[in-house]
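Computed from the coordinates by the stated procedures, all read-outs in this text should not be read as laboratory data. As the structure is a computational prediction, the values presented were derived from the model and not from experiment. With ideal geometry, Cβ positions are generated from the backbone for all residues, glycine too; neighbour counts draw on all protein chains shown.
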Amino acid sequence: MSIATAFFFTPQPPGALRARFINRLPMGSFWRLRAASALTWCGVWVAAFLLAMDSAHAKRVALVVGNASYQVGRLTNPPNDVAEMERALKAVGFSVQKVLNANQNQMKRAVRDFGTAAQGAEVAFVYFSGHGTQANGENYLLPLGASIDKESDYPIEAIAANDVLAQIRGAQPKAAILVLDACRDNPLA
């Protein structure tokens with residue numbers, strides 16, 4: 001199984017699937033590449049995987065999460081981004097699980113349910129739009145209601161990107177794509 005991971009982090013809130021950086025190397029070091037839009041890169045990855053497989057009977061599953069209604073650092077575009085991504089994925093044959101404005105428990109359950117749905121899939125696709133950050137070398141997705149006062153709170157209050165990847169690995173799809181279209185800041189600091 002191959003897993004393609006793209007992290008889209010912006011200093012401003014994500015908007016209309018625009019992204020400033022794609023940055024993730026296997027060793028955890030980051031490189032920067034200006035992208036015209038996250039949707040373009042997602043489309044490239046999806047098209048590459050779909051062209052490489054028999055599309056007649058392929059099982060394709062997706063989880064799209066958009067968090068916007070944070071108490072601190074509210075965002076306006078994640079629901080629109082998720083709606084656009086959902087439409088695009090359904091157009092190419094994906095079964096899409098959509099989650100909007102989720103707290104930690106809702107996000108964890110969605111990731112777990114996605115892991116079950118992705119069992120043996122041809123393509124497993126995860127898209128997150130909202131706030132994200134990095135602490136102690138780990139990337140985190142911030143759910144609504146997270147109470148973070150110090151770096152050691154992230155593993156307790158947020159969702160580790162590696163936990164999402166673990167669910168995908170456990171499902172053993174033939175190909176997997178993880179896209180994080182997130183502000184890389186800490187709005188709770």
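Basic side chains Lys and Arg get +1 at the Cβ, acidic Asp and Glu get -1 at the Cβ, and with that the dipole of region 56-127 about its Cα centre reaches some 160 debye. Taken about its Cα centre, region 54-189 carries a charge dipole of roughly 420 debye when the Cβ of each Lys and Arg holds +1 and the Cβ of each Asp and Glu holds -1.
How long is the gain from SER152 to THR76 if the chain were fully straight, where each residue apart is worth 0.36 nm and the alpha carbon distance is subtracted? All intermediate terms of the calculation are to be shown ahead of the outcome.
Details: separation 76, 0.36 × 76 = 27.36 nm, distance 2.84 nm.
So the extension gain works out to 24.5 nm.
Our summary gives region 57-119 a relative contact order of 44 percent, counting only alpha carbon pairs under 8 angstrom and 6 or more residues apart.
Quickly work out the ALA83-to-ALA166 label distance, labels modelled 7 Å from Cα along the C-beta direction, and quote it in nm with one decimal. Label-label distance for ALA166 and ALA83, simple model: 3.5 nm. For GLU138 and ALA91, the difference between the fully extended length at 0.36 nm per residue and the C-alpha to C-alpha distance is 13.6 nm.
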